[in-house]
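Peer 1: Can you keep this structure in mind? I'll have questions shortly.
Every number in this text was worked out from the coordinates using simple rules, so none of it is lab data. These figures come from a predicted structure and were not determined experimentally. Methodologically, a virtual Cβ is constructed for each residue, glycine included, from the backbone with ideal geometry; neighbour enumeration extends over all protein chains shown.
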Amino acid sequence: MSTATPESRERSALPVVAVVGPTGSGKSELALQLAERFNGEAVNADSMQFYRGMDIGTAKLPVGERRGIAHHLMDFLTVRQDTTVAQFQDLARAAIADIQARGKLPILVGGSGLYVRAAVDVLEFPGTDPGIRARLEDELEHHGLGHLAVRLAQVDPVSAARISDGKRVVRALEVHELTGRPFSSFMPERKYVQPTVQIGINGDRAELHQRLAARVHGMVAGGLVEEVQALLPEGLREGRTAQKALGYQQFLRVIDGESTMARATEETIVGTRQFARRQVTWFNADPRVHWLDWAQPDIGDAAAELVRHTLTP
């Protein structure tokens with residue numbers, strides 16, 4: 001005869017939970033509430049929070065504010081290092097499996113859309129070739145993004161219409177050269193690897209803009225430029241990804257005397273708003289996301305009910 005309590009039976013059947021949405025919407029707080037309700041642990045899916053020392057500018061939740069809840073996949077890279085979405089997929093799924101094996105609820109939290117999909121969806125990632133990648137990166141540096149974008153439009157118009165940053169254009173061309181297939185062909189139908197519920201947080205756009213502006217001003221007052229300065233000896237300039245993060249890129253120019261604090265602050269605010277808009281567009285395209293308004297007073301209860309509705313029979 002089983003001695004399992006209703007609570008333990010519920011935990012054993014809980015799905016993977018993904019808390020998603022734009023930056024500044026309150027994902028970290030909701031993830032903490034769900035972790036407290038369901039004995040969960042967080043798995044970070046914000047690609048800039050992978051980096052040690054990048055705390056203020058990424059709005060990383062301080063250890064002292066995590067309420068004793070374990071957070072996985074934070075601070076595992078130096079600013080000199082890089083990782084791929086495929087590598088993250090392996091790490092995230094291993095963390096999720098470990099959490100589940102201990103009878104706890106895995107809560108994926110972050111706004112990096114492709115990383116979320118990599119963790120929860122059936123998603124194939126083609127291999128890489130350092131030689132091809134280096135050659136394409138050299139072309140990007142010497143001939144510019146437009147040169148590579150034209151080539152991508154010829155071989156993969158679907159990807160060309162979707163992506164615009166140099167790193168992703170290089171990756172799309174690398175995949176085509178390596179496999180003979182367009183990069184877009186590796187994006188399958190939306191299908192979860194295991195039972196999953198995605199909970200999105202959003203709200204009034206004007207209020208979000210105010211939140212983001214206040215957040216950036218708070219980061220500057222909290223020592224963002226000093227954080228950037230402290231990361232220089234750690235190799236921030238040498239890191240291909242870390243140095244381009246919002247805030248870090250802008251305040252590097254302040255340190256170099258190429259910008260002012262006021263200009264860097266405003267550029268970071270504008271860039272963060274644009275990034276948030278892209279995040280909303282990405283997650284809105286996924287019909288499986290259950291959206292909640294951050295202003296509703298019972299958001300924790302509503303999110304918990306969504307989790308319960310996805311329990312395995």
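Peer 1: In degrees between 0 and 90, to the nearest 10, how far off the longest principal axis of the chain does helix 130-143 point, with axes built from Cα atoms?
Peer 2: Computed tilt is about 50 degrees.
Peer 1: Name the residues whose placed amide hydrogens come within less than 5 Å of the amide hydrogen of residue 105, ignoring near sequence neighbours (fewer than 5 apart) on the same chain.
Peer 2: 40, 41
Peer 1: When DSSP assigns beta bridges and you keep just the ones with both residues in the chain, what percent turn out antiparallel, to the nearest 5?
Peer 2: Details: 1 of 22 bridges.
So the antiparallel bridges amount to about 5 percent of the total.
Peer 1: Given springs between every Cα pair under 10 Å in a Gaussian network model of the chain, which of 106, 182, 22 has the largest fluctuation?
Peer 2: 182
Peer 1: Counting pairs of alpha carbon atoms under 8 Å apart in space and at least six apart in sequence, what relative contact order in percent does the chain give? If you can, show how the numbers build up before the last one.
Peer 2: Numbers: 451 pairs, mean separation 88.0, N = 313.
RCO, the chain: 28 percent.
Peer 1: Between residue 281 and residue 207, with labels modelled 7 Å along Cα→Cβ, what's the label distance in nm to one decimal, could you check?
Peer 2: The two pseudo-label positions are separated by 2.4 nm.
Peer 1: Next up: For helix 166-179, report the angle its Cα long axis makes with the longest principal axis of the Cα atoms of the chain; keep it between 0 and 90° and round to the nearest 10°.
Peer 2: Rounded to the nearest ten degrees, it is 80.
Peer 1: Expressed as a whole percent, how much of the Cα-Cα distance distribution for the chain exceeds 29 Å?
Peer 2: Details: 19754 of 48828 pairs.
Percent of Cα pairs beyond 29 Å in the chain: 40.
Peer 1: Continuing with the same structure: Please find the FRET efficiency linking residue 298 to residue 229, where r is the Cβ-Cβ separation and R0 is fixed at 35 Å, and quote it to the nearest 0.05.
Peer 2: Numbers: r = 43 Å, r/R0 = 1.24.
About 0.20, to the nearest 0.05.
Peer 1: Now, a different point. Give a residue-ordered list of calculated ³J(HN,Hα) values for the range 63-77 (Karplus: 6.51 cos²θ - 1.76 cosθ + 1.60, θ = phi - 60°; whole Hz; x for Gly, Pro).
Peer 2: Values per residue, Gly and Pro as x: 4, x, 9, 8, 6, x, 8, 5, 10, 9, 6, 10, 6, 9, 10 Hz.
Peer 1: Taking 1 over the mean of 1/r across every pair of different Cα atoms in the range 130-186, what Kirkwood radius in Å do you get?
Peer 2: On the way: mean 1/r = 0.0917 Å⁻¹.
The answer is 10.9 Å.
Peer 1: Right, something else. Amide H to amide H, which residues 5 or more places from residue 110 or on other chains are under 5 Å from it, using H placed in the peptide plane?
Peer 2: Here 19, 45 satisfy the definition.
Peer 1: When the Karplus curve 6.51 cos²θ - 1.76 cosθ + 1.60 is applied with θ = phi - 60°, which whole-Hz ³J(HN,Hα) does each residue of the range 267-276 get, with x for Gly and Pro?
Peer 2: Karplus-based 3J(HN,Hα) across the range 267-276 equals 5, 5, 4, 4, x, 5, 4, 5, 5, 4 Hz.
Peer 1: Just from its helices, what would the mean residue ellipticity at 222 nm be for the chain, if runs of 4 or more DSSP H residues each count -39500 (n - 2.57) and the sum is divided by every residue, rounded to the nearest 500 deg cm²/dmol?
Peer 2: Working: 13 runs with 158 residues, N = 313.
After summing the helix terms and dividing by residue count, I get -15500 deg cm²/dmol.
Peer 1: Just going by the charge dipole of the chain, with Lys and Arg at +1 and Asp and Glu at -1 on Cβ, which of 239, 73, 173 is farthest out on the positive end?
Peer 2: Sorting the options by dipole projection puts first 173.
Peer 1: So, one more: I'd like the orientation of helix 205-221 relative to the chain: the angle between its Cα long axis and the longest Cα principal axis, in ° from 0 to 90, rounded to 10.
Peer 2: Here the helix axis deviates by roughly 70 degrees.
Peer 1: R0 = 22 Å: FRET efficiency of residue 306 with residue 191, Cβ-based, nearest 0.05? If you can, show how the numbers build up before the last one.
Peer 2: Numbers: r = 19 Å, r/R0 = 0.88.
Working from the Cβ atoms, E equals 0.70.
Peer 1: Something else: Across the range 292-297, in residue order, what do the Karplus-derived ³J(HN,Hα) couplings come to in whole Hz, using 6.51 cos²θ - 1.76 cosθ + 1.60 with θ = phi - 60° and x for Gly and Pro?
Peer 2: My calculation for the range 292-297 gives 10, 8, 4, 7, 5, x Hz in order.
Peer 1: Still on this structure: Suppose R0 equals 45 Å. What FRET efficiency, 1/(1 + (r/R0)^6) with r the Cβ-Cβ distance, do residue 134 and residue 65 give to the nearest 0.05?
Peer 2: On the way: r = 41 Å, r/R0 = 0.91.
After rounding to 0.05, the efficiency reads 0.65.
Peer 1: Also, quick follow-up: Greater than 28 Å separation of Cα atoms is the criterion. Which listed pairs, 27/104; 104/244; 191/244, meet it?
Peer 2: On the way: 27/104 19 Å; 104/244 35 Å; 191/244 32 Å.
Cα-Cα > 28 Å for 104/244; 191/244; rest within.
Peer 1: Using just the C-alpha positions of the range 98-141 as equal point scatterers, what log10 of I(q)/I(0) does the Debye formula give at each q in 0.16, 0.23, 0.31 1/Å?
Peer 2: -0.70, -0.89, -1.00
Peer 1: Taking the Cα centre of the range 189-313 as origin and charging only Cβ (+1 Lys, Arg; -1 Asp, Glu), how large is the dipole, in debye to the nearest 20? Before the final figure, lay out each step's value.
Peer 2: Details: 15 positive and 16 negative charges, 86 e Å.
Roughly 420 debye for the range 189-313.
Peer 1: In debye, nearest 20: dipole of the chain around its Cα centre with unit charges on the Cβ of K, R (+) and D, E (-)? Please report the intermediate quantities before stating the final value.
Peer 2: Details: 36 positive and 39 negative charges, 87 e Å.
It comes to approximately 420 debye.
Peer 1: Another one. Mind putting a number on the dipole of the range 130-186 about its Cα centre? Charges go on the C-beta only, +1 for Lys and Arg and -1 for Asp and Glu, and I need it in Debye to the nearest 20. Could the numbers behind the result be given before it?
Peer 2: Values: 8 positive and 8 negative charges, 44 e Å.
In debye, rounded to 20, the range 130-186 gives about 220.
Peer 1: For the range 130-186, what's the relative contact order in percent, using C-alpha pairs closer than 8 Å and at least 6 residues apart? Could the numbers behind the result be given before it?
Peer 2: Numbers: 48 pairs, mean separation 19.2, N = 57.
Here the relative contact order equals 34 percent.
Peer 1: Taking only the alpha carbons of the range 195-306, what extent do you get along each of the three principal axes, in Å, biggest first?
Peer 2: Dimensions of the range 195-306 along the principal axes of its Cα atoms: 50, 30, 22 Å.
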